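So that we are looking at the same thing, I have put the structure below in structure tokens.
The values are calculated or read from the model by the stated rules, or taken from the named source; none is laboratory data. It should be emphasised that the depicted structure is a prediction, and the values quoted were computed from it without experimental measurement. Backbone-built Cβ (ideal geometry, glycine too); neighbour counts: all protein chains shown.
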Amino acid sequence: MSELGESARSVWSGQAVAYAESFAAVCAYPIGDLLDAVGAGPGVRLLDVGTGSGNVAADAFARSARVSAVDADPGMVELAAKAVPSAEVGVAELPVLPFADDAFDAVTANFVLDHVGRPRRSLAELGRVTRPGGRIAVTMWAVPGGAGRALLGRAIEAAGVQHKIHRPVMASEADFPRTEQGLVDLLRAAGISKPSCRTIAWDHQTSAQGWWHGAESGVGFIGHLVATQPPETRAEIKRHFDLLSAEFTGPDGRLALPHRALLASGTAEA
Ligand SMILES: C[S@@+](CC[C@H](N)C(=O)[O-])C[C@H]1O[C@@H](n2cnc3c(N)ncnc32)[C@H](O)[C@@H]1O
């Protein structure tokens, strides 16, 4: 397994409940478009990979799809199984899925490719388990991202912590531009036909307290970095977070955090 894959696994381990209570909401925004892109509907055999607390799986189930879901982290699997009791839910870690070739009509992965060390190999695996003509759709964070997504990173840097060097680096031969063209090219290289990609932008509405809660609980790479600082450094990051949050605070006292994501989809080949 690559360095990023191992690191991603340790970052998510034990974070399921904190994720469900915090950053899951920002990842939920593109779910409707993601499910439309794979034609999720009655009877469609749909696999959601990296399902987290199960939001995509639950919405697919609400569309009467026949849902399976997997995640690398057992805590996430436990939550997803509760969210969608009738779904088949299990532990599996990209780039390897424990399913036969052509097992599904549709496969989704919402903000999961950001965390895998071998994205092309992982996409090829999504394609392998999708029947010829079936649909695959993925999201990931765009680079450059929205200003709201940068908020915590700015607070960390303002507190004097070099956050970029703490983020695991993907092997250069596996990396790709986080742009519409970059993701289209990656899907094509993974053997997924008719790839397309568009950018989705939205303002995530949350409270400053809720956004900070996700970070201090250690959710994701950025939260992991916050939570592993000494208490005085954490306090300094929080002080800068409070100052910088003012830029995004509306008259109602809530934050509107701009985010940008890439939504890519394509068709499995025979
Ligand atoms: C940002 S969360 C997204 C969760 C979910 N898709 C959603 O929309 O809420 C990323 C998820 O990917 C999972 N993950 C990370 N690396 C993975 C891998 N190699 N294979 C499968 N899941 C992975 C994490 O455990 C986590 O649940």
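Is it the case that Val38 is at pLDDT 95 or above, in contact with a strand residue (DSSP E or B) (Cβ under 8 Å, 6 or more places away or on another chain) and buried (at least 16 other Cβ atoms within 10 Å of the Cβ)?
Judged against the criteria, Val38 is a match.
Which is crowded, with 24+ Cβ neighbours inside 10 Å, more than 18 Å from the chain's Cα centre (by Cα) and among the aliphatic types (A, V, I, L, M), of Ala65, Ala80, Ala60, Ala100?
None of the others qualify; the one that does is Ala65.
Going through segment 202-216 one residue at a time, which ones are hydroxyl-bearing (Ser, Thr, Tyr) and crowded, with 20+ Cβ neighbours inside 10 Å?
Of everything in segment 202-216, just one residue is hydroxyl-bearing (Ser, Thr, Tyr) and crowded, with 20+ Cβ neighbours inside 10 Å, namely Thr206.
Now for a different question. Quick one: which helices (runs of 4 or more DSSP H) lie wholly within segment 105-213 and hold at least 1 residues that are within 17 Å of Ser265 (Cβ to Cβ) and within 13 Å of the ligand (Cβ to nearest atom)?
Ranges flagged: 119-128.
Next up: Given (1) touching a residue at least 60 places away in the same chain (Cβ under 8 Å); (2) surrounded by fewer than 22 Cβ atoms within 10 Å (Cβ to Cβ); (3) over 28 Å from Gln209 (Cβ atoms); (4) within 11 Å of the ligand (Cβ to nearest atom), where does Pro74 come up short, assuming only one miss?
Only one criterion is unmet by Pro74, namely (1).
When Asp36 is evaluated against the numbered criteria (1) within 12 Å of the ligand (Cβ to nearest atom); (2) within 30 Å of Leu255 (Cα to Cα), which criterion, by number, is the only one it fails?
Condition not satisfied by Asp36: (1).
Check Ala137, Ala106 and return the single one that is in contact with a Lys or Arg (Cβ under 8 Å, 6 or more places away or on another chain), among the aliphatic types (A, V, I, L, M) and buried (at least 17 other Cβ atoms within 10 Å of the Cβ).
Ala106 is the lone residue from the list that is in contact with a Lys or Arg (Cβ under 8 Å, 6 or more places away or on another chain), among the aliphatic types (A, V, I, L, M) and buried (at least 17 other Cβ atoms within 10 Å of the Cβ).
Please specify each residue of segment 18-67 satisfying the condition of being within 21 Å of Arg198 (Cα to Cα), part of a strand (DSSP E or B) and β-branched (Val, Ile, Thr).
Val49
Quick check on Leu94: is it within 16 Å of the ligand (Cβ to nearest atom), of a type in the set (A, V, I, L, M, F, W, C) and within 30 Å of Arg234 (Cα to Cα)? Write out each step before concluding.
Values: within 16 Å of the ligand (Cβ to nearest atom): yes; of a type in the set (A, V, I, L, M, F, W, C): yes; within 30 Å of Arg234 (Cα to Cα): no.
No, not satisfied.
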